[in-house]
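Notes to accompany the following structure.
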There are 2 protein chains.
Amino acid sequence: MSFLPFLLQAQDNDLLKYVNPLIGSDRMGHTYPGATVPFGMVQLSPDTDTIPYEMNGKYNKDVYKYCAGYQYGDKTIVGFSHTHFSGTGHSDLGDILLMPTTGALQLNPGTAAASEKGFRSLFSHENEKASPGYYSVLLEDHDIFAELTATPRVGVHRYTFNQGGDAHLILDMMHGIYNYDDKNVWTFIRVENDTLVTGFRQTNGWARTRTVYFAIVFSKPVESYGFVNNAPPQVYRGFWRRFDQRTNFPEAAGTQIRGHFDFSVSKGEQITARVALSPVSTDGAVANMLAETPRSDFDTYKKNAETMWQAELGRVRVTMMNNDHMVNFYTALYHAFLSPTIYMDNDSRYKGLDQNIHTTEKFENYTTFSLWDTYRALHPLFTILQQKRTSDMVNSMLAHYDQSVHHMLPVWSHHANENWCMIGYHSVPVIADAVVKGIPGIDYNRALEACVTTARNGWYDGLDDYMRIGYVPDERTGSSVSVTLEYAYDDWCIAQIVTTPDRASPYQDTTIFTEFTSRSRNYRNVWDPSTGFMRPRKTDGSFRPEFDVLSTHGQGFIEGNAWNYSLYVPHEPEGLIELMGGRKRFTEHLDSLFTMDLPDEFFAETEDITREGIIGNYVHGNEPSHHVPYLYNYAGAPRKTQYWVRHIMDTKYLPAPDGLSGNDDCGQMSAWYIFSALGFYPVAPGSDRYDLGSPLVKEAVISLENGKQFTVSTINQSPENVYVKKVELNGKKLDRSWIAHDEIMEGGTLVFYMY
Amino acid sequence: MSFLPFLLQAQDNDLLKYVNPLIGSDRMGHTYPGATVPFGMVQLSPDTDTIPYEMNGKYNKDVYKYCAGYQYGDKTIVGFSHTHFSGTGHSDLGDILLMPTTGALQLNPGTAAASEKGFRSLFSHENEKASPGYYSVLLEDHDIFAELTATPRVGVHRYTFNQGGDAHLILDMMHGIYNYDDKNVWTFIRVENDTLVTGFRQTNGWARTRTVYFAIVFSKPVESYGFVNNAPPQVYRGFWRRFDQRTNFPEAAGTQIRGHFDFSVSKGEQITARVALSPVSTDGAVANMLAETPRSDFDTYKKNAETMWQAELGRVRVTMMNNDHMVNFYTALYHAFLSPTIYMDNDSRYKGLDQNIHTTEKFENYTTFSLWDTYRALHPLFTILQQKRTSDMVNSMLAHYDQSVHHMLPVWSHHANENWCMIGYHSVPVIADAVVKGIPGIDYNRALEACVTTARNGWYDGLDDYMRIGYVPDERTGSSVSVTLEYAYDDWCIAQIVTTPDRASPYQDTTIFTEFTSRSRNYRNVWDPSTGFMRPRKTDGSFRPEFDVLSTHGQGFIEGNAWNYSLYVPHEPEGLIELMGGRKRFTEHLDSLFTMDLPDEFFAETEDITREGIIGNYVHGNEPSHHVPYLYNYAGAPRKTQYWVRHIMDTKYLPAPDGLSGNDDCGQMSAWYIFSALGFYPVAPGSDRYDLGSPLVKEAVISLENGKQFTVSTINQSPENVYVKKVELNGKKLDRSWIAHDEIMEGGTLVFYMY
């Protein structure tokens, strides 16, 4: 049994062919199809539209489609920008858009309905290719074949001009994702010489005070260039204008600038543009360029990017029942390895939360922490597959804490900013999980101090009341129950740090352990026995009279209704089961969740997901219930866990552009799939346990950073055989429904006998 | 003769008492009265009003009064901001305004007519004191005695609360000089702890892309604080606002922010606020604070500032005919030593023109180069009194050149920006003057390369035409004659660098010398023999038919009319005299200039000066004619030079707030006075000669940096004895009307025999 997979792997070294970056690019997935390397700082990808976030002072809901800049259903591409989130449900970025054109110069993007009126172009999916580290498309309006690849800090464009004549590269500094009128705080461009352009874009968006610096090198000298400033003219700005600043004038600055770089090209000629980014300065961008892409050698950089992806994806080598599963698995692994992203220059400098420049000493600095999503499965996955990066990410969070004037670990942070998105303080479970699992390179005492201080910030989102009366009262926030439940879980995580062996604490451990263990039981304070649901509670102790257990809005929850969120006690399922009346009634509750009919009116309120993201009233397209299928294990009904886990994998993950049933959320949706496909899942990060489910793989070999291998294999695996008869770990029958982290790390074989 | 002055000096060590910083603070002088140290980065001064630069899209001419933030005639003070230009005719800055208040919190500035409706306060000159390094005023509305002092990079405030009760320090980030609606590109504030606040202000003004970072330390812990954002609310900004960000929330950012810091004070209690600036980062500001003002010790910093001023002013010790002259002289020396200002942190880092952070290695970095003004007399004065700083300033200009994407030396630069104000490339005469005079620490070849490259930038303000046809044609710019004349002079300066001994040039000297000597004669190309004036000329070679020799506007000149500007050939007066028909006719022309009647209609067009700034048609309040009184020397009429020079000193410089007849222009007006009072003047910087005039001093001892002393003394000096019978240098009669720079530097005595 163990010999065959090795043969298969040897024959099947090209894992890239299983990755389809276009999965999730239609409708709600919010993934981007462009070129990037694992955890790369540059995400170079086509943007298909530029819907503003608000129009006339009102929120424009259509912007939501463009969280990643690309919608598969669109017919035109506006250009290629260098920063993108993968799978988020709010957005930012889309920095430094380049677009090659031919013919007469056009300096407006045009419209989707009339691409010929601007620089954008029609394209067809038939002429589009997306694979790890590489993207290409034929820009039909200009008859230009565009190819993209990337290094960690540089996006590389290669444009093949199928016709000779006048050509232009448009540099659109006005472009951005989730743009609004004054999102551009400032932009600055310098044409250093006829092949080098530098500058920066500073925005006020999801990140309030964000600057990205860039350097662009063209493979061919520019013949002429110019800039237009689309801002309304001001009295002052023309005052000293004694020379033409529009044409061949090498510096431009303002909030609404577009530039053009003009070339004459022969038929079939190629122009390469390298675009390096930096969070520090244009000097930093130039240094990154020199370090990573010293020459205009697209093919080499493409090959390097692909080699990096092969190595990362090769950490797990699976054999599955069919090719669709292979595509699902490796695309999920690809999406899981996109973010958090590195956020530092080659010289180890980065911009900190305090807007000062810092130098990392012992870690690589990461950003884009979508923690409300990713603490659940993505970061736990990294504790197995990316231990070095886990250490770096935890140290990045601790650096954020050190730089935080709020004395807070990240909530949702990106690009030297805290955007305060969503609820809880879910750096804590990520850190606790890493500490409990013994990830090297983390100072446990420093980690504990940061977590404790974060969790005692009374000003934060009802924490003062929570600390005083044991729950966040309904009067304080519309999400009072969700917040209370998640604080309770996060607090349990802090207690787990305290109990981790070999930690020489400067604190009185007993005090902290007692405090946070006590807080971890606060979920009981929002339990309403009269309805059998968690329910918003007022400061005076009474439950709110009006209460709809199906509605997602205005009921004390966020991105989930009472049915789903009442199950959110990942750290103490036994306690929850007791509250809910014991195992039998709890199982019935779960059954109802998966099988009841959710009226359309309630789905319409559910954010971020498609109708297909729901099973009964169970919502897989959002995160709060991701652990729920595994709760049957705790009620003595593991077959039901096995059934629903396989059902979710079969129906909520499809190898098509619209195959993701909700936002991928920086890899959380994908990480759920990877874990579940491997046959286990971290119900409560911060513990060292993974609950067993029903593997989808026929076999998986995980190559660990410690040099060992952990193999999951199956007997009698088939699409119908979703149930697990027995499980053997290293040849010995497992008499429990979980495996421990150390059991994986020690290497070995886990065999599932299916039926 | 040489003993007496030493005695006088010994008895008269307090030079500060002769300085009145309020001189020039009324009407057109545009000086500021606040606290600063010589060439300091911080200029901490009261602002009396906040007139916006434009209103409803139109230029608001009243803003002009507030170039320095203060008008002596005003009745209220809005607060104390930390950056000010001295004497400019356009403006910027006014960063980081603090204002102490008592009673109920008011977060708007109120109006001059109703100070009680805002945080501003009435004040009286009776309760105001301004002296070098110190300023104090009673803020009547709040009964607070406010005192200001400074170190090079820190402004120190001490507020004495004459009444106990509620007190506030207002931090107005919206405030600024020459403000307009979107001048604030971004502002950022962090309350690091209960005594430390950091942040930055980024503006788009005269400097297009400017950021000043700050750190504030209060001597007493803040009890509470808050911020208001006066920008229109946006859809986005409230989206994730799950907690109060207005009160005691330690981070604020936006474009329209005011903050308040609240204290309870007892009667007579003092609160000190130290405000450090940095061009680099808030980290840099904090480091500057720790280096320069580690404690809340106002009195020590005040004493240090005064000691610095005593040392700088003591470089010239004069005895004069009366106290008014003493006040005029030392106030002029004070104003001459305000700018350029240092622009670097204590750790030698600064922001460069390329917006990157640079570290100076061998020089101190300076900014605020008002070169069209200051090349004439201020920088030449520094070649005698501030040789070390001259070297630093030249190296700062060369660094600017290195960082310039335009390959240009500074034109008018401040705070890491080129604002392109005025005409010519007058870094060249400053550099040439320093090279010709042998100032140490300048790489001559690098200097020549920068000057030559600057002067060959065809895109700049008609230079292409100038290089092609020998003048800037009228079609290109409204200032074509002024530009041509100044280019010709600047070009002559370049030729002087070439001829400086001991320069091992990488260029073919002959080529450059020939090219620029030839260009230096281009003044002849705009000479119109038919009218006897310099006159706008068209591309086809013809002179413009319509031409008014009295009008300042639209006649091909800037800040001067044809009468004045036609005399602008400082490098070749003999050539000009020849053009004008010889010495006699030239003398008659000068006589007419000084004695003719300029009708009011023409004065009304003359910018930046008061009616008192004019003698006949000679305009002293602007710069283009500053050399003109000395031109009589070249026509064989030195008595007329002597007469008019004394007349100008007597009538255009008065020891009163409205005593300056025009903008002090970063010290140029003051430097003219200092030179003239000493009895000599640099007609053509770039030569090593100073033309002799008529000294106003009875005696002056100049202490040179080389340890030597150069003494100017007079025999028979009196208000009436304005003429010079003979001059002796080191006891030998001088048979020429000039002295050489080296003669000063070697030390010695210059005696004027007056009658």
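Say we look at the range B:337-374 and pick out the residues that are touching an Asp or Glu at 6+ places or on another chain (Cβ under 9 Å) and in a helix (DSSP H, G or I); which of these is surrounded by the most Cβ atoms within 10 Å (Cβ to Cβ)?
B:Asp373
Filter the range A:731-740 for residues that are assigned to a strand (DSSP E or B) and either open to solvent by less than 60 Å² (accessible area, probe 1.4 Å) or within 18 Å of A:Trp644 (Cβ to Cβ) (or both) and give the result.
A:Trp738, A:Ile739, A:Ala740
Of these, B:Val727, B:Val722, B:Val683, which one is closer than 19 Å to B:Thr319 by Cβ and touching a helix residue (DSSP H, G or I) at 6+ places or on another chain (Cβ under 7 Å)? Walk me through it before giving the result.
Working: B:Val727 fails: touching a helix residue (DSSP H, G or I) at 6+ places or on another chain (Cβ under 7 Å); B:Val683 fails: closer than 19 Å to B:Thr319 by Cβ.
Testing whether each residue is closer than 19 Å to B:Thr319 by Cβ and touching a helix residue (DSSP H, G or I) at 6+ places or on another chain (Cβ under 7 Å) leaves just B:Val722.
Checking the conditions here, which among A:Ala113, A:Ala104 is without any contact (Cβ under 8 Å) to a residue 60 or more places away in the chain and either open to solvent by 10 Å² or more (accessible area, probe 1.4 Å) or out of contact with any helix residue (DSSP H, G or I) (no Cβ under 8 Å at 6 or more places or on another chain) (or both)? Quick ask: steps written out before the conclusion?
Working: A:Ala104 fails: without any contact (Cβ under 8 Å) to a residue 60 or more places away in the chain.
Going through A:Ala113, A:Ala104 in turn, just one is without any contact (Cβ under 8 Å) to a residue 60 or more places away in the chain and either open to solvent by 10 Å² or more (accessible area, probe 1.4 Å) or out of contact with any helix residue (DSSP H, G or I) (no Cβ under 8 Å at 6 or more places or on another chain) (or both): A:Ala113.
Tell me the residue from A:His82, A:His90 that is under 12 Å from the mean Cα position of the chain (by Cα) and either under 22 Å from A:Lys117 (Cα atoms) or not β-branched (Val, Ile, Thr) (or both), please.
Numbers: A:His82 fails: under 12 Å from the mean Cα position of the chain (by Cα).
Just one listed residue meets the conditions, A:His90.
Restricting the range A:270-284 to residues that are more than 8 Å from every other protein chain (Cβ to nearest Cβ) and β-branched (Val, Ile, Thr), which is surrounded by the most Cβ atoms within 10 Å (Cβ to Cβ)?
A:Val275
Looking at A:Thr88, A:Thr83, can you tell me which residue is within 14 Å of another protein chain (Cβ to nearest Cβ) and part of a loop (DSSP other than H, G, I, E, B)?
Values: A:Thr83 fails: within 14 Å of another protein chain (Cβ to nearest Cβ).
The match here is A:Thr88.
Could we say that B:Glu728 is in a strand (DSSP E or B), farther than 24 Å from B:His335 by Cβ and open to solvent by 10 Å² or more (accessible area, probe 1.4 Å) here? Before the answer, list the steps.
Details: in a strand (DSSP E or B): yes; farther than 24 Å from B:His335 by Cβ: yes; open to solvent by 10 Å² or more (accessible area, probe 1.4 Å): yes.
Yes; evaluated as a whole, the condition is true for this residue.
Against the conditions (1) more than 27 Å from the chain's Cα centre (by Cα); (2) over 22 Å from B:Tyr565 (Cβ atoms), where does B:Glu418 fall short? Just the number, please.
So B:Glu418 meets the others, but not (1).
For a quick check of your reading: which helices (runs of 4 or more DSSP H) sit entirely within the range A:572-678 and have at least 3 residues that are open to solvent by 10 Å² or more (accessible area, probe 1.4 Å) and modelled with pLDDT of 95 or more?
Qualifying helices (runs of 4 or more DSSP H): A:573-579, A:583-595, A:638-652.
Just the residues that are crowded, with 24+ Cβ neighbours inside 10 Å, more than 23 Å from the chain's Cα centre (by Cα) and in a loop (DSSP other than H, G, I, E, B), please, taken from the range B:682-696.
Result: B:Gly693, B:Ser694, B:Pro695, B:Leu696.
What are the residue pairs meeting all of these: first residue in the range A:119-148, first residue in the same structural domain as A:Leu169 (by TED's automatic domain parsing) and open to solvent by 20 Å² or more (accessible area, probe 1.4 Å), second residue of a type in the set (D, E, K, R) and in a strand (DSSP E or B), Cβ atoms under 9 Å, and 6 or more apart or on different chains?
Sorted first by the residue in the range A:119-148, then by its partner, the pairs are A:Lys129/A:Glu147; A:Leu138/A:Glu128; A:Phe145/A:Arg158.
Of everything in the range B:400-428 that's assigned to a helix (DSSP H, G or I) and open to solvent by less than 10 Å² (accessible area, probe 1.4 Å), which residue is nearest to B:Gln355 (Cα to Cα)?
Within the range B:400-428, the subset assigned to a helix (DSSP H, G or I) is B:400-403, B:427-428.
Still in the running and open to solvent by less than 10 Å² (accessible area, probe 1.4 Å): B:427-428.
On the way: B:Ser427: 21, B:Val428: 24 Å.
Filtering first and then ranking leaves B:Ser427.
List the helices (runs of 4 or more DSSP H) inside the range B:440-554, counting only whole elements, that have at least 1 residues being closer than 30 Å to B:Lys362 by Cα.
Working: elements: B:444-455, B:463-469, B:480-498, B:509-519.
Output list reads B:444-455, B:480-498, B:509-519.
Just a yes or no: is a residue in the range A:493-501 open to solvent by less than 40 Å² (accessible area, probe 1.4 Å), touching an Asp or Glu at 6+ places or on another chain (Cβ under 8 Å), under 30 Å from A:Met745 (Cα atoms) and free of Cβ contacts under 8 Å to residues at least 60 places away in the same chain?
Yes, that holds for at least one residue.
For the range A:238-264, which positions are more than 13 Å from A:Arg190 (Cα to Cα), in contact with a strand residue (DSSP E or B) (Cβ under 6 Å, 6 or more places away or on another chain) and at the interface with chain B (Cβ under 9 Å from one of its Cβ atoms)?
Scanning the range A:238-264 gives a single hit, A:Thr255.
Out of the range B:178-197, which residues are within 8 Å of another protein chain (Cβ to nearest Cβ) and more than 25 Å from A:Ala231 (Cβ to Cβ)?
Selection gives B:Arg190, B:Val191, B:Glu192.
Please work out if B:Thr36 is surrounded by fewer than 24 Cβ atoms within 10 Å (Cβ to Cβ) and more than 14 Å from chain A (Cβ to nearest Cβ).
No: the conditions fail for B:Thr36.
How about the range A:406-423: which of its residues are farther than 17 Å from A:Tyr343 by Cβ and more than 8 Å from chain B (Cβ to nearest Cβ)?
Passing the criteria: A:His407, A:Met408, A:Met422.
Restricting to the range B:403-427, what's the tally of residues that are aromatic (Phe, Trp, Tyr) and either within 17 Å of A:Ile189 (Cα to Cα) or out of contact with any Phe, Trp or Tyr (no Cβ under 7 Å at 6 or more places or on another chain) (or both)?
Here the count works out to 1.
What is the one condition in (1) open to solvent by 10 Å² or more (accessible area, probe 1.4 Å); (2) facing chain A (nearest Cβ under 9 Å) that B:Lys267 does not satisfy?
So the condition that B:Lys267 fails would be (2).
Checking A:Phe200 against (1) under 35 Å from the mean Cα position of the chain (by Cα); (2) facing chain B (nearest Cβ under 8 Å); (3) open to solvent by 20 Å² or more (accessible area, probe 1.4 Å), which test does it fail?
Unmet condition: (3).
The values are calculated or read from the model by the stated rules, or taken from the named source; none is laboratory data. Computed from a predicted model, the values in this text were never measured in an experiment. Neighbour counts are summed over all protein chains in view; Cβ atoms, including those assigned to glycine, are modelled from backbone coordinates with ideal geometry. Each accessible area value is taken on the protein alone, full model and side chains, heavy atoms only, with ligands, DNA and RNA left out. Shrake-Rupley method; radii C 1.70, N 1.55, O 1.52, S 1.80 Å.
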